[in-house]
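Inspection log for the structure reproduced underneath, given as structure tokens.
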Amino acid sequence: MAQFNLDSNEFVVSELQNVQDASSITTKLCNVLLTNKRVIVCKNGTFGKPKIIFDKPVSDVKVFDDTAQVKIQNVNGMQHKIDIYFTSGSISFIFMSGVYSNVIQFANEINHIVTGTDFDIYSMAEHETGVKGVLKSFLGVPTVEAKKSTQEKVAIKCPNCGASFYGKKSGIAKCPYCDSFFNT
């Protein structure tokens, strides 16, 4: 990962490979890398060396109602699109349905990092049907509101600045005082 100039306390959380940049008119594929600090998009450059075309801090991802603004939508039945909204613009990618579960995991990881919780903004069952009420009523699948209310909060101490705060056990936490990310 030296080619991405990761900080000493920066680590890769998730990666999407061979996705199409929806904002580009070319069909060139790229990789999207999510670290605990940044969203990085790169294409293969000369001699296969990655060329970074987008690099934004995850702290710039928009948050509304305690949820990172990441949207997944079906494009044509075979392909899906993910939109990540930043304070200054957005970025979109199109991917084949074969990696659909990876993209849901990617979107959820962004939310975990940005909000400091283990709250999943997407689940396979809710997203595939798009009918939360039916799932809640007939299948017993919890809705977003039910998932939020069942989250267990624990006391956490930041290893960077020593501050104490409440967050989710077994996840990635963001210190509200020094803005560092770490595993809990």
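Every read-out reported here was derived from the displayed coordinates using simple, explicitly stated rules and does not represent laboratory data. Just so it is clear, the model here is predicted, and its values are computed rather than measured. Backbone-built Cβ (ideal geometry, glycine too); neighbour counts: all protein chains shown.
Can you give me the relative contact order of segment 2-120 as a percent, contacts being Cα pairs under 8 Å and 6 or more apart?
Values: 214 pairs, mean separation 25.3, N = 119.
Result for segment 2-120 is 21 percent.
Say the dipole of segment 2-120 comes from +1 at the beta carbon of Lys and Arg and -1 at that of Asp and Glu; which of VAL70, VAL19, SER90 then lies farthest toward its positive end?
VAL19
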